[in-house]
Structures are given as C-alpha cells and as structure tokens.
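Report on one structure; see the data block that follows.
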Amino acid sequence: MLRVTPLYGSRWDNSGVSRSGSCTLIEYADIKVLVDNNNTSASTSSTTASTKKSSSESFWENLPPHDCLVLTDSTLESMGSLPLYDNNDDDTNNTAYMDVVPPIFATFPTVKMGQMSLYDYHANISLDGCTPSFTLEEMDRAISLIRTIKYSQTLSLPFPLMEAPPSPFVTITAHMAGHVVGGAFYKFVRLRDETSVVITHVYHIARELHLDAATLLRDGSGVDVLITYPGGSASLSKVRRDITERILGLLRRDANVLLPVDASGRSLELVLLLDRFWSRNNLSNTFNLVWFGPMVHNTLEFTRSQLEWMNSVLKQGGDGDFDRGGHPYALRNVKLCTNLAELEKIISSSNDNPTCVLANGLSLDHGPARDLLLKWSDNDNNAILF
C-alpha cells in the first residue's frame, strides 16, 4: 500500500493561496519516510522565544512516527525548519543521539548550501531586531545529524541503526533533480515485487548554466507512481534573454534594479548568467552588478568547491564564456557586499552609476531585499524584478 500525507504544504488555505514550504509523509511497504522539513508557520520571522516553543510543540513534536527524513534540496522551502525538527534540548552526545533518532539523508551540497541558507535567514532576522525561531546551536546540531549521500547511491530501509537490523523492505536512491546544486529526487523500490515510486520537489529537465539536466526522464521513467511538484517553465534561452534585456533596458534609463533572490539556491544560476552578460557587453565600467547578503562571501566560497556537482561543462574547465583556466565562479564583474553601508560605498565610488543588485530575501519580508525595497521605492524610476 502507498499512502501520501501532506503534513504541511501541498494544501490550500482559506484564502486560496498555496502554503509555502513542504513536509510530506510517504508510507510504502511498511516503511515511513518524511520528505523535506519546512513549516513556515513554525519558523516565521516574527516568532519570539515564547511562541517558538509553542509552535514547535504543536507541529514538530507531534510528527507521526517515521523511519527517516530525506531532504530534496537546500532551499528554505525544503529544510527551513530543520533546526526545529530536533527537539533534543539536553547535552546528549551527538554520536549516540544519531543512533536513536530517525536518520536524515541529503546530498553533500544540500548540507553545505542549506547551512548557508539557514545562517543567512538567522542573520537577517537577528539584524531586524527579532528573535529567530531557532538558535545557531540548534541549527549546527541539526546539520551535524545529516548523513550525506551521493547521486545513484542506494539505501536500504529500515536503516541499520541496531546490531541485528530487520531485513530491508525498500531501497531508496537519490538522483539528480537540477534546479539547485545538490537537488535530488528519490526513487523508492519495494523489494518484494520491484514496484517503484518516485517523489520529487522542483526539478529542471533542461541543462542550465551551472547545472546539468535532471535525470528524471532516465531514472524516473517506467515507475508505478510519480509524486511531483506542480509547475513548469518556458524556454530557458527565452527566459535568460528576457531577463538580461529587461535589466539592461532599465539600467540604460538610469534606474536601479532590485532582484530578490534566495541565499544559495537559484541565485547561483542568476549571478552566473549576469556575470557572463556583463562580460560579453563590457558593462562593468557603466553599470554596477552587486550580490548583497550577510553570507555572500561564505556562499561563494562553498560554491566554488562544488563544481563536481554542477554542469559537466563547468567541470571540464569552461565553455568559452569565461577565461579558460579561470574558475566559472570567479565572478569578475560582481561586487559582494554584506550591508547597506558597503553597497552605498560601491555606488558612490562608481560616480552613482545605475546598479543592479541581487539581494537576499526572496519573500521581501526581511533581509537586504526588504531594506532596498524600502530605500529605493520612493523613486519611480527604479524597478524590482522577480
């Protein structure tokens, strides 16, 4: 029997708007797998220390029993509440604790880039003078519980946490989903009769600048059930052209352009696209290109070490769009800043050239994107693009 229970997300509230985030329970062949870990109502930016506990108790402490948790990608929508998932408040040895809690599985880039997303979220909320829904200690402990896996690596469930584990009922394998570095979809196979189920969050079936295409058509074809995230996209080449032409048109009329982005997910594709566009059109002396966020330096450092998980062309050393022998994420046209003072210094040192800013804070309710929206919105000439 297969049962799919959306614990959070995949539902509609009374206003008809889909909830952000995802947490789904998959029950298959006597195995229960929790997919993703985000409940935005339990991790809102306005959460105080007292309401944090009640929110956590009302959701995460009452999760149904499950054998493991798998994370599909590094975005806040997939793992934004991971620090709340672990409610172990004592000083239990972490190694011993890993032997009694349900194991958590994710690819290596999901762990590293997800860590950056959580740090960025925590920093933005703290800078606003609010109390984040989790502490840095809780976040670090939750991250340390994740067991990293590779693409095409097969796991047997139940996972052998005991000396004499039962015979496995199901195998689960992570495959490339595209969309963000390390993003994965999971294939479940029931060993008794070889029936299979694939569950995926967001995936891209076309190769992008920094990622290869999802292998869903190869590794997910012929399955008995596909559980997926609704949606689609237009031609990537058309989307890239529309974005770059729109930005350039705005800058040429002396507008500043705000692009709200996530901390370490789709922002990596966008910053690479714009860096190459600036190079091809020799725009560096005319317009500023800035990536703005409290963790951008750390995010870029981790990104540069993840080439093996990216587009095969990047791993081979280039495709002609950047200097051969250089790193694709050298980002020679992109200036990094972590606060408004640094951004104002960049703009003033360029004689107030029009500026395009990729600002962290995709939801616009916190962070640099919200701050820039408030700062630039009084000028009708400026623009914000989503």
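General remarks:
- Spin-label model, Asn381/Ser312: points 7 Å from Cα along the beta carbon direction are separated by 4.8 nm.
- Three-way shape call for the stretch 227-386 based on the alpha-carbon gyration tensor, with the a/c threshold at 1.5: rounded
- Relative packing of 191-198, 272-279, which averages over residues the other C-beta atoms within 10 Å, highest first: 272-279, 191-198
- Spacing of the modelled spin labels on Leu248 and Leu63, each 7 Å from Cα toward Cβ, amounts to 4.8 nm.
- When the solvent-accessible area of the stretch 236-384 is split by element, carbon and sulfur atoms take up 45 percent of it, the probe being 1.4 Å.
- Each peptide in 358-371, 334-347, 68-81 receives the mean, over its residues, of other Cβ atoms within 10 Å, and ordering these scores from highest gives 68-81, 358-371, 334-347.
- Residues whose placed amide H lies under 5 Å from that of Gly183, excluding near-sequence neighbours: Ala177, Gly178
- At R0 = 45 Å, FRET efficiency that the Cβ-Cβ distance of Ala206 and Glu344 yields, to 0.05: 0.70
- Estimated at 0.36 nm per residue, the fully extended path between Leu236 and Asp30 surpasses their Cα-Cα distance by 70.1 nm.
- What the Cα convex hull of the stretch 165-306 gives, in volume per residue, is 149 Å³.
- Plainly put, the stretch 321-386 has a radius of gyration that is 1.03 times its Kirkwood radius, both from alpha-carbon atoms, as the Rg/Rh ratio.
The values are calculated or read from the model by the stated rules, or taken from the named source; none is laboratory data. Every value quoted in this text rests on a predicted model; they were computed, and no experiment measured them. We place every Cβ from the backbone using ideal geometry, glycine too, and count neighbours over all the protein chains shown. We work out accessible area using only protein heavy atoms, side chains counted, and drop any ligands, DNA or RNA first. Shrake-Rupley method; radii C 1.70, N 1.55, O 1.52, S 1.80 Å.
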